[in-house]
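Report on the structure given below.
Every number here is computed from the coordinates shown, using simple stated rules; none is lab data. The structure displayed is predicted, hence computed values, not measured ones. Here the Cβ positions follow ideal geometry from the backbone for every residue, glycine too, while neighbour counts run over all protein chains shown.
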Amino acid sequence: MIVNCVAYRDGHKVEDLAPERISDALAAPGNMLWVALKDPDDGELDVMKEEFGLPELAVEDARKGHQRPKVEEYGDILFVVMHTVEVVDGELLNGEVAVFVGRNYVLSVRHRTTQGFSGVRARCESEPDLLRQGAGFVLYALLDAVVDRYFPVIEDLEGRLEEAERRIFKGAPARESVEALYDLKLQITTIQHAVRPLLESLGKLFGGRVPPACAGLHDYFRDVFDHLQRVNQSIDGLREMVVTAMTVNLSLISLQENETTKRLAAYAALVAVPTLVAGIYGMNFEHMPELKMLHGYPMALGLMVVADFYLFYRFRRARWL
């Protein structure tokens, strides 16, 4: 559906437009149009394609979605794809925003996102001096909003990692801990797939030759690039911490298994000594030493008890029991 279709002039809002009036508003001198679509159907995209004169290949990418983050030029038209990542009910929702930027218009198409960009529009309208710079500044504002929304996701993942680490050292079941850490690793990979391709593509918007729509806005896009680098570094740090936590968890499992093995060995030794003594005296030979002693039986029992007490004492000192 069409969320907004607004004409601006000299940094100020002029009017809301019906889709069929877009081409007329574009032809008016000094106008800049900002149109926002959410999960549009094919008919709505076809209307936008005709009104703005959009390239077929870019429209197909926006129609199908599931594109890799990228920045592409089609003549004077700039096509940018960004991925949004939101935390919804403890899970990451991966959405997509495709933005067409022309000389005097911006068309944004978003899919599978719960958060809109009304705050971005309000920010731009509150700063007419910046909005006066045209479609390039609107693209910067959209990019900045998408990148800033990565930071709360990173914080949420960091909090979940800290909780998982606490559970590991509190003795949570090993399988449960491994599953939690692996799920966390998958979610880190999801946000990484949104950040790294965009980081690679964003360099096209500042430094050297830049698209005409972005001319004069180098510092703004460089600022977004710096923020995106911080997000990428945080992702790398999180991945290393998750791998470390998984290694520590496996090490703790090995230590626990070693402790169990030592305890079983100690109990086996406590049983083996009486078994040995009883086995010797249980042999059916006629001529055995001490076989006919009056106190032989209690002496044998006493030997078993003393030997077991001694072994138990040594195992406790060695912390095997």
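Taking Cα pairs under 8 Å and at least six residues apart, what relative contact order does the chain come out at, in percent? The partial results should precede the final answer.
Numbers: 398 pairs, mean separation 44.7, N = 321.
Relative contact order here is 14 percent.
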task: Could you size up the charge dipole of the range 1-123 around its Cα centre, putting +1 on the beta carbon of Lys and Arg and -1 on that of Asp and Glu, and report it in debye to the nearest 20?
output: 460
message: Semi-axes of the equivalent ellipsoid for the range 137-258, please: Cα gyration tensor eigenvalues, times 5, square-rooted, ordered largest first, whole Å.
response: 40, 12, 9
message: Given 25 °C and 0.890 mPa s, compute D for the range 1-88 with the Stokes-Einstein relation, Rh being the Kirkwood radius over Cα pairs; round to the nearest whole µm²/s.
response: 171
message: Using the crude model of +1 on Lys and Arg Cβ and -1 on Asp and Glu Cβ, and no other charge, please compute the dipole size for the chain relative to its Cα centre, in debye to 20.
response: 1780
field: Asn4 long-range amide H proximity, modeled H, under 5 Å
entry: Ala36
message: I'd like to compare 107-113, 7-13: which one has the highest average count of other Cβ atoms within 10 Å, and what's the full order after that?
response: 107-113, 7-13
statement: In a Gaussian network model of the chain with springs linking alpha carbons closer than 10 Å, the residue among Tyr74, Tyr105, Tyr281 that fluctuates most is Tyr281
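Let me know the charge dipole size of the range 236-312 about its Cα centre in debye, to the nearest 20, where only the beta-carbon of Lys, Arg (+1) and Asp, Glu (-1) is charged. Please report the intermediate quantities before stating the final value.
Values: 4 positive and 7 negative charges, 29 e Å.
Roughly 140 debye, rounded to the nearest 20.
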query: For the range 131-136, what does the Karplus curve 6.51 cos²θ - 1.76 cosθ + 1.60, with θ = phi - 60°, yield as ³J(HN,Hα) per residue in whole Hz, taken in order and with x for Gly and Pro?
result: 4, 4, 6, x, 5, x
- request: Go through Lys38/Lys185; Lys64/Lys185; Lys49/Lys70; Lys38/Lys64; Lys38/Lys70 and tell me which ones have a Cα-Cα distance over 25 Å in this structure.
  value: Lys38/Lys185; Lys64/Lys185
task: Quick one: which residues, 5+ away or cross-chain, put their amide H under 5 Å from the amide H of Tyr74? H built at 1.01 Å from N.
output: Phe79
message: Please give the Cα centre distance for the range 166-181 versus the range 245-286, rounded to the nearest Å.
response: 27
- request: Take the Cβ-Cβ distance between Glu240 and His218 as r, set R0 to 30 Å, and report the resulting FRET efficiency rounded to the nearest 0.05.
  value: 0.35
- request: Once you've got the GNM for the chain with C-alpha springs shorter than 10 Å, pick whichever of Phe117, Phe79, Phe309 has the biggest mean-square fluctuation.
  value: Phe309
statement: Options (1) 81, 38, 29; (2) 124, 37, 30; (3) 68, 56, 40 are given for Cα extents along the principal axes in Å, and the computed one is (2)
statement: So for R0 = 22 Å, FRET eff. of Ser23-Glu56 from the Cβ-Cβ r, to 0.05, ends up at 0.80
- request: Calculate the all-directions average of the projected area of the range 64-170's alpha-carbon convex hull, and give it in nm².
  value: 8.4
Furthest towards positive pole of dipole, Pro40, Val120, Gln67, structure part the range 1-129, Cβ charges: Val120
- prompt: Short version: ³J(HN,Hα) in whole Hz for each residue of the range 70-77, in order, from phi by Karplus 6.51 cos²θ - 1.76 cosθ + 1.60 (θ = phi - 60°), x for Gly and Pro, what are they?
  reply: 6, 10, 10, 10, 10, x, 8, 9
task: Search the structure for amide H atoms under 5 Å from the amide H of Val87, placed 1.01 Å from N in the peptide plane, and list their residues when 5 or more places away or on another chain.
output: Leu93
task: Quote the Stokes-Einstein diffusion coefficient, in whole µm² s⁻¹, for the range 1-151, based on the Kirkwood radius over alpha carbon pairs, a temperature of 37 °C and a viscosity of 0.692 mPa s.
output: 211
- prompt: Considering only Leu131, Ala141, Val81, whose Cα is most displaced toward the positive end of the charge dipole of the range 73-177, charges sitting on Cβ of Lys, Arg (+1) and Asp, Glu (-1)?
  reply: Val81
- line: A student applying the Cα gyration tensor rule (rounded when a/c is under 1.5; otherwise prolate if a/b is larger than b/c, oblate if not) would label the range 182-320 prolate
- prompt: Which three semi-axes in whole Å describe the equivalent ellipsoid of the range 253-312, each the square root of 5 times a Cα gyration tensor eigenvalue, listed largest first?
  reply: 33, 12, 5
task: Work out from phi, with θ = phi - 60° and the Karplus expression 6.51 cos²θ - 1.76 cosθ + 1.60, the ³J(HN,Hα) of each residue of the range 106-120, listed in order in whole Hz, and give x for Gly and Pro.
output: 9, 10, 10, 10, 10, 10, 6, 10, 9, 8, x, 10, 5, x, 5
